[in-house]
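**Q** The structure that follows is given in the form of structure tokens.
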């Protein structure tokens, strides 16, 4: 993968503010990539110094192999998961705007 693509993805992930999230697909779209899997690959190989925990799967769930750490980091930023997922779009994507009383603590 070329360095320009890697840097576009890194910049897009770095731009996600604390308390907010984006999906792998949203990052791929912003960067002009054909597949969300490329975003995952870049983060796996070169994302250790980025807020990788703010990037979720399309269904709002965490990466299975990192779910515990990812959800703990999001919780520390005020992002609460419901049944292991971010509440559906339109109900909450930002910290401090929780509309679901059953949020995980």
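**Q** Can you name the helices (runs of 4 or more DSSP H) wholly within the chain that have at least 3 residues being modelled with pLDDT of 90 or more and exposed (fewer than 14 other Cβ atoms within 10 Å of the Cβ)?
**A** Fully inside the chain and qualifying: 3-14, 36-46, 67-76.
**Q** For residues that are in contact with a strand residue (DSSP E or B) (Cβ under 9 Å, 6 or more places away or on another chain) and without any contact (Cβ under 8 Å) to a residue 24 or more places away in the chain, tally how many sit in the range 16-28.
**A** Qualifying residue count for the region: 2.
**Q** What number of residues in the range 42-74 are farther than 13 Å from residue 13 by Cβ and in contact (Cβ under 8 Å) with a residue 24 or more places away in the chain?
**A** Selection size over the range 42-74: 7.
The values are calculated or read from the model by the stated rules, or taken from the named source; none is laboratory data. Everything quoted here is computed from the prediction, not taken from an experiment. Heads up, the Cβs are rebuilt from the backbone with ideal geometry, glycines too, and the neighbour counts pull from every protein chain shown.
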